[in-house]
Amino acid sequence: MTAPTTWVTGAAGSAYDVDNLPYGVFATADEEPRVGVRIGDFVLDLAPAAATDLLEVAHVFEQQSLNPLMALGRERNAGVRQWIVSLLTDEGERADVEPHLIPLAEVEMRMPIEVGDYVDFYASEHHASNVGKIFRPDQAALLPNWKHLPVGYHGRSGTVVPSGTDIIRPMGQRKAPTDDAPTFGPCTRLDIEAELGFVVGTGTELGGRVSIDDFAEHTFGVMGLNDWSARDIQAWEYVPLGPFLGKSFATSISTWVTPLAALDAAWTDLPGQDPEPLPYLQVDGPAGLDIEIEVLLNGHVVSRPPYRTMYWSPAQMLAHMTVNGATVRTGDLWASGTVSGEVAEQRGSFLELSWGWREPFRVGDEERVALEDGDEVVIRYTAPGTGGGRIALGEVSGRIVPASE
Ligand code: CA
C-alpha cells in the first residue's frame, strides 16, 4: 500500500508532508490568533475547515493555544489527525479546503501552548560528564545519583517564549572563585542549551503516576527548545538548590508542536543503561528518539547533537516526574536537558564547545566562547518520517540584545 499523496503544491516529499503535520497558533493581519496545522509552506486554517465538516471538536481550533486540542487526549487526536490527512490528500476535498490554506509568509506564529509547570532534565550522559569534567576536574564526572534517576529541576514557565523572541542579556550577581566579593552586571557568559521539549496532553489526578507504558497516552507532542543559560550567574548561585536566575530569564520553544504520532518511525533503542534502573524506570523496546539537531550561530553550523545518544528516555522522565504522586496537567512542559553527543562537534552548549571558555570555536570568520550582543542562534531538528523521508520539527531562534541597565 502506498501512502496517500497530498495535493498541496510543493508539500509532497518535503519535510512538512502529510506524515508530519505539526500544530501551531497563527495570526493574520485581520483575524484573531487561532490553531493551524502546517503542510508544506502553508498553514491550514483549521477552524473554518472544521466548521464546514461539522466536526464535533471544531471549537478547539478557535482558541489562542493548543491546550484545548491537546486535552482531547490521544484517541480523539488520532481522529483529528486522520481527518486532516484526508482533507489534504483527497482530491475531492481540494475545492473546499484550498481556500483555507494560507502561505506561511502571510502569518505570524504565536506562542503555541499555555505552559503549565516547566521541568528541565539533564538526560545526556555526554553533557553531564562534560560539565562534571569542566567544573569538578578532580572528582568523578557523574554524581552518584545520575545513573539511577533522571536528574531535573523546576524551571520558570512564565518566561517560556516562542521562537523569534529577542533574548535580553540578563543582569545578575557573579563571583569567580578568585574574586573576593560578588559583583553585579550584565551576564558575561551567555550560553545556549540545545534541547527537546515535550508537552503533556492529558493530565493526572493528585497521587496518580504515569507509568512508562502510559507515556504516549499523556504526551501530546514534541518541540524544539533552547534553555538560554547565564553561566556566570549560574556558577555563583547554584549550590545547594540548583539553577535559578541563571536560567529563568528566558527559555525559547519552537512555534510548531509535532504530535507524537508523527514520530512513530523515529523511535530507536537507548544507548544502554547500566546499572539497570529501578522497576518503575525500566523500558521495554525502543525508548529513544532518532532526532538530528543542528545548532547555527549567525548562520553557521557550530554543532550537530544527536538525540539518539540520550541516556534517559522521555517516558522515563515523565514516569520519574510523577512517581511521587505529583500531578501533571495539560500544557505542562518538560525539557530533555542539553543534547550532547560523544564528539566535540556534537556538543549542545557553548560551555562545552569552548571547553569551559578556554578554547574559542570558529563561527565563520569569527571566534566565540559565549554569546555576544547581536548574535542569532537557530536550532533545527529533523527525524525519520513515517512516509520514508525526513520530517522537520519546528526550529527555535533567538537574537541576543543588550542588557537593560
Ligand atoms: Ca537545560
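Suppose the filter is under 29 Å from Ile400 (Cα atoms) and touching a residue at least 40 places away in the same chain (Cβ under 8 Å); does Leu296 pass it?
yes
Do the conditions hold for Asp117, that is, is it open to solvent by 50 Å² or more (accessible area, probe 1.4 Å), in contact with a strand residue (DSSP E or B) (Cβ under 8 Å, 6 or more places away or on another chain) and within 16 Å of the ligand (Cβ to nearest atom)?
Details: open to solvent by 50 Å² or more (accessible area, probe 1.4 Å): yes; in contact with a strand residue (DSSP E or B) (Cβ under 8 Å, 6 or more places away or on another chain): yes; within 16 Å of the ligand (Cβ to nearest atom): yes.
Yes; evaluated as a whole, the condition is true for this residue.
Please verify whether the stretch 204-217 includes one or more residues that are modelled with pLDDT under 95 and within 25 Å of Thr338 (Cβ to Cβ). It would help to see each step written out before you state the result.
Of the residues in the stretch 204-217, the ones modelled with pLDDT under 95 are none.
No: zero hits.
In the stretch 301-340, how many residues are under 21 Å from Glu395 (Cβ atoms), not β-branched (Val, Ile, Thr) and not in a loop (DSSP other than H, G, I, E, B)? Give the steps one after another, and end with the answer.
Filtering the stretch 301-340 for residues under 21 Å from Glu395 (Cβ atoms) gives 301-310, 314, 333-340.
Cutting the leftovers down to not β-branched (Val, Ile, Thr) gives us 303-308, 310, 314, 333-337, 340.
Add one more test, that the residue is not in a loop (DSSP other than H, G, I, E, B), and what stays is 303, 306-308, 314, 333-335.
Matching residues across the stretch 301-340 total 8.
Just give me the residues in the stretch 25-62 being part of a loop (DSSP other than H, G, I, E, B), at negative phi, exposed (fewer than 15 other Cβ atoms within 10 Å of the Cβ) and among the aliphatic types (A, V, I, L, M), in sequence order.
Ala29
Residues being open to solvent by 10 Å² or more (accessible area, probe 1.4 Å) and assigned to a strand (DSSP E or B): count how many of those fall in the stretch 364-395.
Residues meeting the conditions: 11.
Let me confirm something: among Trp267, Trp256, Trp236, which residue is in contact (Cβ under 8 Å) with a residue 24 or more places away in the chain and under 21 Å from Leu333 (Cα atoms)?
Trp256
Testing Ser65 on (1) over 24 Å from Pro33 (Cα atoms); (2) hydroxyl-bearing (Ser, Thr, Tyr); (3) buried (at least 18 other Cβ atoms within 10 Å of the Cβ), one condition comes back false. Which one is that?
All conditions pass for Ser65, except number (1).
Given the stretch 209-263, what helices (runs of 4 or more DSSP H) lie entirely inside it while holding 3 or more residues that are away from the ligand (no atom under 16 Å from the Cβ)?
Details: elements: 215-218, 231-237, 245-248.
Because the criterion is at least 3 residues that are away from the ligand (no atom under 16 Å from the Cβ), the helices (runs of 4 or more DSSP H) in the stretch 209-263 that meet it are 215-218.
The values are calculated or read from the model by the stated rules, or taken from the named source; none is laboratory data. Quick caveat, the model's predicted, so the values are computed rather than measured. All Cβ positions, glycine included, derive from the backbone under ideal geometry; neighbour counts span all protein chains shown. Surface accessibility is based on the protein's heavy atoms, side chains included, excluding ligands, DNA and RNA. Shrake-Rupley method; radii C 1.70, N 1.55, O 1.52, S 1.80 Å.
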